Amino acid sequence: SISKVIEATGVSVHDFMAMIEAPPHVARIDEANETAPSEPSGVPLLGLAQAGAGGYFDDAGYPTGDGWELVPFPGASPEEGVYALEITGDSMLPLDRDGDIIIVGPAASIRRGDRVVVKTQAGEVMAKVLKRQTAQTIELQSVNPAHEDRQFALDDVAWIARILWASQ
């Protein structure tokens with residue numbers, strides 16, 4: 001899990017360990033070079049239920065507009081387009097629970113089996129698993145068997161972004 005966090009964030013092992021040793025808001029001095037380690041940067045956070053409302057994303061699925069909180073996440077910055085969503089509901093159980101935070105990367109490549117966030121042209125936002133994508137359709141699998149799998153014409157999808165990391 002730690003290696004996945006380091007890979008997803010691009011933070012060095014040294015900076016990661018510095019964050020573990022002290023809370024992010026406590027300034028620490030690196031005794032070897034007497035400089036403070038880099039502070040964890042923040043990414044925009046929005047509730048998944050809010051994400052369907054207009055004004056929060058551009059046409060490519062990048063965060064825009066007001067209403068976003070900023071949450072600390074090492075190695076990522078809002079300028080990169082990476083953002084956080086808070087899971088609502090139970091459609092991603094047992095992997096992600098209500099209140100878990102997911103980090104989403106609109107520019108990340110997507111392939112079959114990846115967990116993704118999809119926004120439809122109708123404004124519906126959902127977290128699912130990419131089951132299959134063709135030139136005309138996209139098939140999404142629900143992690144929770146109590147929820148139906150979904151299929152959309154590609155024209156009905158506003159954007160799709162890969163889930164890079166999820167809190168547990």
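The values are calculated or read from the model by the stated rules, or taken from the named source; none is laboratory data. Worth saying up front: this structure is predicted, and the values here are computed from it rather than measured. Here the Cβ is made from the backbone with ideal geometry for all residues, glycine too, and neighbour counts use every protein chain on show. Just so you know, the surface numbers come from the protein's heavy atoms only, side chains and all, with ligands and any DNA or RNA stripped out. Shrake-Rupley method; radii C 1.70, N 1.55, O 1.52, S 1.80 Å.
Given the criterion modelled with pLDDT under 90 and at positive phi, identify the matching residue among G89, G113.
G89
Which condition breaks for Q121 when tested against (1) closer than 23 Å to S3 by Cα; (2) open to solvent by 40 Å² or more (accessible area, probe 1.4 Å); (3) modelled with pLDDT of 90 or more?
All conditions pass for Q121, except number (1).
When you go through P78, P63, P106 one by one, which is the residue that is at pLDDT 85 or above, touching a strand residue (DSSP E or B) at 6+ places or on another chain (Cβ under 9 Å), surrounded by 15 or more Cβ atoms within 10 Å (Cβ to Cβ) and not β-branched (V, I, T)?
P106
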